[in-house]
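The values are calculated or read from the model by the stated rules, or taken from the named source; none is laboratory data. None of the values given here were measured: they were computed from a predicted structure. Positions of Cβ are backbone-derived with ideal geometry, glycine not excepted, and every protein chain shown enters the neighbour counts. For accessibility, only protein heavy atoms count, side chains too; no ligands or nucleic acids. Shrake-Rupley method; radii C 1.70, N 1.55, O 1.52, S 1.80 Å.
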Amino acid sequence: MTNPCNFSKIVRESAERIRESGSPALGELYDLTSLRLIRFAATITHNQHDAEDAVASVLLKMMADIDVLVAADAPWPYLLQMVRNEALQILRKKKRWSLAQGFLGIVSTPTINHLEKQESDSAVWLALQRIPNQQSEVIVLKIWEGFTFQEIGKVLSLPTQTVASRYRYGLEKLSQLLGHSFAEELR
């Protein structure tokens, strides 16, 4: 796990290389951030393909105006916030589509994808998908990205106390789902 401030610096340097050399350097930014961004987006969409679509869309937008990323105070949290917004937009579009097609009441089951199986025990991901999204996204940013509550608050546009509460409640629910000892290891 990389310190968010250091990772922001690395992301900014990658964005500067894109600005200098154009699209050939985009692969570097993708390689640097995609797994982490997809993991985060998947906690929101509960779908690997939608998560990948959200990340691809954000990276294409960044390519069109890379100066925005270079100029961001904290490029890594900025990218995370953009991916979160795009993932939420995908969910809204899917919801509208489902309504238009008359599929009300159909609940899509979250899937555990290949990426998640490689990075973590599938039980954790299943449990994360069973708790509210607001709590799971905070847990992912806190544990896997190493963000402080204040940094998470900036990404999610929430007060620090709300972030801390969601984290605590999320861990309590994970403790119930996974067993007390396993959830304690996440703290």
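Going by what's in this entry, would Q150 be described as within 14 Å of the chain's Cα centre (by Cα) and open to solvent by 10 Å² or more (accessible area, probe 1.4 Å)?
Values: within 14 Å of the chain's Cα centre (by Cα): no; open to solvent by 10 Å² or more (accessible area, probe 1.4 Å): yes.
Judged against the criteria, Q150 is not a match.
Looking for whichever is modelled with pLDDT of 90 or more, within 13 Å of the chain's Cα centre (by Cα) and closer than 20 Å to I38 by Cα here; the options are E137, E116. Which one fits? Break it down stepwise before answering.
Values: E116 fails: modelled with pLDDT of 90 or more.
Answer to the check: E137.
Please enumerate the residues belonging to the range 17-60 that are surrounded by fewer than 15 Cβ atoms within 10 Å (Cβ to Cβ) and touching a residue at least 12 places away in the same chain (Cβ under 8 Å). Break it down into steps so the answer makes sense when it comes.
Filtering the range 17-60 down to residues surrounded by fewer than 15 Cβ atoms within 10 Å (Cβ to Cβ) leaves 19-24, 27, 31, 35, 49, 60.
Answer for the range 17-60, where residues must be surrounded by fewer than 15 Cβ atoms within 10 Å (Cβ to Cβ) and touching a residue at least 12 places away in the same chain (Cβ under 8 Å): R19, S23, L35.
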